[in-house]
Every structure is written in C-alpha cells, then in structure tokens.
C-alpha cells in the first residue's frame, strides 16, 4: 500500500526559541484522501502547514512526497512540488482582478505571460467545479465567500496534488460550506488529496481520517467511525472537555445601552436600524446572528466609536454617545473584542504586557505622569495570563508568537477588565478550539453577571442560542427581527439569516 | 546558498551582518579612493587621524556629529511612528531663521539670550513640522510630499531673507549671501577640554537620552511605537491619530530646528545657506542606519561625524578630495541597510530535490 501514500511526514520537529511547535510529528496522507488535522489553537497545526508549504524550515525530520524526500526552501518550491494552501487569512491582492490574482506567481517562468490562455484555463476550471465567478472583477468587490473560491482556484491553477485548507468554512454560509465540500469530493475523484484544518466537529467527523495534534505531537490518527465527538475532543485536550457554558437566570437591571434609528454607512450594506429602539439591560446578552458582512460590523462600530452614525442616537447609561470617540467609549466603561484580533486589537511586535496596556496606557492604573510603569504593566499582564489561562507565555512574550486562542485570551482579558457597563464582541470565538471557546463564553457570561450589558455577534447561531438572552438577526444591513433565545429555534433563525422575515 | 526569512532575530548573526557591512564599506571606499589615484592606506590613516587620532580630532568629530545627532533623532522619532517626514532639511533652515530672527527682534544677548534663541529655533522647526502635520492629519496631504515641497519653500525663503536690505550683509563692493554675525555674547560656549565642541554637543547628547526615554518609557512613546506598527489597533483603543501625528511632527521639527540654530550660534555665527545645507537629508540617512532608535542614531551620527572630520585631514594629508566623503556616506548607507535586511534572514544550505515533480 506504500504507493498509495502521497505525503509522509516523519518525526518532524520545529522550535521557535524555547517553544516547541512541532515535536517529532509523524503522519501520512493518502492519494485522494480528505484528511483532517484536529487540535487546539497552539497545538501546532499552523506550524505544520507552514513547514509543508515551505514557509518554515523544519529543524529535523523528513517530508516525503510520493516516497521521495523533499526539502522546500521557499513557498514557491512547495507549490512547484504540488502542495498548495488556502489560508485562514486570505492572501489576495485586493486591487487585482480575480484572474490576475489566480495567475499571480506563475509569471516567474516567462517574461510575459499569456493572459488569454490563462483566462481559458480558469474558465475551464470554473466549469469543472461548477463555479460562476467573473474573472475580471476586482477582488475588493467580492464577498468573503467568493474570495474563498478564488483562493481555491488559485491553488488548483497551479495543479497542486495536495491542498491544505485552513479553516475554509469560517467565513462561509452553511450553503456555501456544503458547496465547498461537494467540490472537494469532486476534486478527490481526480486524485487530489486534501488536508482540512477545522474546529467544527460536524466537518471533522465527515472526513476520511483525523490526525489529532496536542502540544505539537500527533497523538492519534483515527477514522471518524471509531470515535465519538466527545472522545475526539478528549483526545485533543488530553482530558475531558469542559462543559459548554450556558445562560443562567440572570438578574436584569437598568437599561444600559439604547440605540435608536441609527444609520451607519458600510462598504457593502449601510446599516439602518428601523422601527423600535433597541435597548440592552445590565446583565443581559444581546446576540447578533447573521453571516458576517450583513451590517453587524457597522452596528458594532457605532457602539465603539469607530463609526459615527449619520442619523439616530446611541446612549450609554443615559448619556448621548452618538458621536463619541473610541477614547470616550472606553472611559465610559465599554470594552470591545473586535472581529480581527491581529489587525484591530493587537500589535504583533509588542509584548503581552504592552498589548494588555493598549487603551489602559493613559490611565492611572498603568502610568505615573507621562511615564508608563513597566512594573504595573507586567503585573497586569501576569494577572491576565493567569486568570485567562494564556499558555506558555509570560509578560515579555511577543504577541505574534501566540496562537489564535491565546491571543484572543489576552484581548479578552484586557477588554473585559474595561467593560464595567458594556461589552461588545464581534465573532470572538471564530477560529478558536473548543476549550478556548468554552472559556471565552464563560468569561463573557461572567461579565454579564457582573452587570455589563453584552452585545455579542456570532455566525454560529447555536452558540447564541446557548449564551444569549435575545437574538437580533442581521440581513443586508437590516435587523430582520429580534427573538427570545429561550424559545427561538435554529431553523427560525436560519430562515431570518437568509432574509425571510420572522 | 539561499536565504529565507528568520522567525526571530539572532544577535550573533546580526553582529556578523554589521561586521561584514563595515568590511564592505572599507573595501568599496578603498576602490573609490583608488579610482581617483589615491592610496587607500594613506587615505584611511588620514581619516583615522583626523577623526579619532588626537583629542582635538575627537572634538572635531563630535562637532561634526552634533547637528546630525539632532536631525537624526528628528527623523528617527517620526519613522518610529511610520510618519515618513523628509522635512528635516527645511526645519533646520527654518529653525535657524526663527532663532536668528529672534536675536534681531528681541535684541538678544548673553546666556539668557542664548536660551531664548535656542528655544525660538526649536519652536520654528516645530512650527514648520506642524504645517505638514496639519496637512496630513486634517487634509490627508501625504507627509512625504508636503515636507519635500516645504524644504524648497524654506530654502528660497532663506535666500530671499539674505538679500541686501533685509538680513543680507552688504560688503564694501559686493554683497555676500549671508547675514551679519550675531553678537559675540550669543556664541555657544565651548565645552571645557574639547575646544571644538560647543554647548550644542552636550544638548544633543542629553536629547538623545531624552528621546530614548520618550520612545521607550512614556505613554506618548508607547503610542508612537504602536501607531507605527499597527495604527488601526491604536485608533481602536482610543488613540487620536491626528493629535499623535501633530505631536510627532512638532517634536521632530523642534529637534531639527534646534540643529539649525545650533549651527548658527555654535559654528557659522551668522545665517549662511552653505552652513546649514545637507544636515537634514544626512539626518535621514543617520536615522535609517541607526534603525530609528535613539542610541543607534547617536552611533550612526558619530560615525558620519568622524567621516566628515576625517575627510578634511584626508584632503590635506593624502591629497584626496574631501568630496569623496559624500560618496563614502552613500556607501555606508547602502552597506548598513543591506546588513539590516540581511539580519532578518537566515542562510540555508543549497536545496536538494526541492522541486521534485
């Protein structure tokens, strides 16, 4: 059966300083297989895929492709050998067209490349996959889901034999996700092997084999039929999974946040709040359901000072905050966990101590006169690391060395500490493993119990049903309806997410 | 041998890169000296003697480095915030004009007069920096463009001011492009033991420490560094981008303005275009070589000061045009910038079987 093995990874290790990201990792992928890499944030999945695609060089161990050892000095070498990757964060040039993005990187061989041939090949590829996408549309104009197709087309254009998909469905609607898996099935029929990195158990359980990573090691390779989801999670964490936190009966206090008739311009949809004002009480969690890009971001920006509504009013604790700056929102006791933690909430080159100080740096808590107190910053960071369970890190650890889950814990620690009255969180659990998700929602629930009004946007309606009190469903810049989370059903919310009125 | 990006910096490799850069600098400089028919050995010996060889030479080096420390810090603080100000050249001139103007308008004299003139020079530079700051923060005019254009404006303002009838000094038969000298009591005093170094050298050293503390230890410095790395996150966490740009441009301008008035009171003792030219642009190079850190900028400025001071000796002793010093500065910039880039990469052994198809 040796000839069936497309990829073999043998005792691969990769260290960053003292952190061991991949530790003697061994696994293999068969031709035409859909193979899942499953593990917590920081378990080594991203480092492994970076090693497989030439972004990192392993410290030791071997990568074998079709039985021959390969060493990739550059990502281009890996691509030439037939290994492509679609990342969690898109690597597309926004101002280029779809076609230009797809051929990007192939122009190395020739002085000038033949766009007409490329166009024909892309068209053929689209037809084979049943995709309709305008090759001349600038990527900036595409919806997030469409960008995912471009990423995949780009890899297939290079005629890869192994495609790594890193959380491909994080930004897709359920229907788009189904379509993606249908396309993957078709490609596998042609002999393409796919490595899927995912945290969604339903997707994980639908693959051929699952390799579970824990702390940089491949602890097991199993077939979905052999394990239950709970066993799989236990394998991943090395212990029983924590109970998923659920809403408890909370004492609801005074109205903290009132939003009335606001209009916020957005790139795809302007957000407009029509009809009755939206009020959130102290201790209450308002969930925002909907596929990302339907106005949630514009709405939340009006609650953090990043956008100023062109009309309507926003009040916090009775005070008019309609045109307040981010600094004023923060001073008024509002915390915010933004959608993209690395782009909006953290500075990768800064240490954890410096990152938890962001926004606190002008307060008496961390500064004396014009000077920042390093000792107090370090204390604050140690406290955050301990209370929020940031793993393998100290105050001086660089933020960019943290895994997604640990980075989000740092951001959450900082923002929840600030959220006396209001906590705003946009997709805080996106891309996090089960342990981190449970912990994060637990902390958000605690913030509500401590008296904050919480506005929580998530694409996972199940999560909102478990955690929120009421759920507002967003579609094309409007709120389709607000439902009671105790009585609403998933189907009801799903229908509203697709634009059907309640 | 191929090079791939490093995931973390390695001090030993960084030191190696800069060592190679220094060697390359001397090698290429030697070739330049040979190309004009000189002897590299004699040239470098003269360069060394003129810059570090005697206590007096060290003083000369420090004197030449003084304005470069200030313009270097001026560029460094802006670049830490990724505000690409190229306005140091104009701010030097404007600081000199403002400070010199103050000596005339207020009839300044004595130590108090020196303090007021220095302050006015710094304020003048800051004011010019703020013009570009306001244009960027309020009207989104690119800082690179506004500062470059203002450099020209201020350069011609100086020429206009130096015509006869305004500040220009009229001689017996011809008029020079220079002002009348300032009062003797306004000359910056020399530092005891280093006759060539005026008080400005001490000010520059103190400001190096001050800028280092500002960037590394203060709230403002924290915002400057954060803004340079990820402005979006800083704005989301309550930093007012406009106010920050204004603060940075004001501080940056003040440092350059101080360099300008320092040259007037300490070196030329009058307004003279050629006594002010080049420090701003060289300061940019100094900051880039110094990786926009206070200490790095100080070291780079001292290195350039040594080249400038030694260049004169080189001309006298080895009969090599001192203009070659400018070429050597350029060689230094390229070598050290390449060293900085190289320090971010790591060498990898040749690829075996990399493109197995």
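Every number in this text was worked out from the coordinates using simple rules, so none of it is lab data. Given the structure is predicted, the values throughout are model-derived calculations rather than measurements. Cβ sites come from the backbone with ideal geometry, for glycine too, and all protein chains shown count toward neighbours.
What to note about this one:
- Between segment A:124-157 and segment B:132-186, the Cα center-to-center distance that results, in Å: 57
- Two-site label geometry, residue A:106 and residue B:42: point separation in nm, points 7 Å out along Cα→Cβ: 6.4
- The Cα center of segment B:79-121 and the Cα center of segment B:260-287 differ in position by 11 Å.
- Debye intensity ratio I(q)/I(0), log10, the protein assembly as shown, q values 0.07, 0.11 Å⁻¹ (C-alpha model): -0.69, -1.31
- Tilt relative to chain A, helix A:374-387 - C-alpha long axis, 0 to 90 degrees, to 10: 70
- Segment A:170-221 and segment A:278-355: distance between their alpha carbon centers, rounded to Å: 34
- Taking each residue as 0.36 nm, the span from residue A:495 to residue A:230 lengthens on full extension beyond its C-alpha to C-alpha distance by 92.5 nm.
- On Cα atoms only, tilt of A:434-449 relative to the major axis of chain A in degrees: 10
- Cα-projected label distance for residue B:109 with residue A:219, points at 7 Å along beta-carbon direction, nm: 8.6
- Short-range pairs are left out: with C-alpha atoms under 8 Å and at least six residues apart, the relative contact order of segment A:345-416 is 42 percent.
- Pairwise label distance in nanometres, residue B:16 with residue A:16, each label 7 Å out on the Cα-Cβ vector: 2.3
- Between residue A:190 and residue A:476, the FRET efficiency estimated from the beta carbon spacing at R0 = 35 angstrom works out to 0.40.
- Zero-based 5 Å bins, Cα pair distances in segment A:2-237, whole percents: 1, 6, 14, 18, 20, 17, 12, 7, 4, 1, 0
- Residues in segment A:465-500 reached by a label modelled at residue A:279 [backbone nitrogen below 16 Å; 7 Å Cα→Cβ]: A:470
- Helical runs (DSSP H, four residues minimum) scored at -39500 (n - 2.57) apiece and divided by the length of the protein assembly as shown put the mean residue ellipticity at 222 nm at -15000 deg cm²/dmol.
- Rg in Å to one decimal, and Dmax rounded to a whole Å, for segment A:345-416 via C-alpha atoms: 11.1, 35
- Here chain A carries DSSP beta bridges of which approximately 55% are antiparallel, counting only pairs with both residues inside.
- FRET efficiency for residue B:169 and residue B:84, using Cβ-Cβ distance with R0 set to 41 Å, rounded to 0.05: 0.65
- Förster radius 56 Å - calculated FRET efficiency between residue A:487 and residue B:295, Cβ distance, rounded to 0.05: 0.30
- In range of the label at residue A:200: residues from segment A:286-300 whose backbone nitrogen is under 16 Å from the point 7 Å along Cα→Cβ: A:290-293
- Mean separation of Cα pairs under 8 Å and 6 or more residues apart, divided by the residue count, gives chain B a relative contact order of 38 percent.
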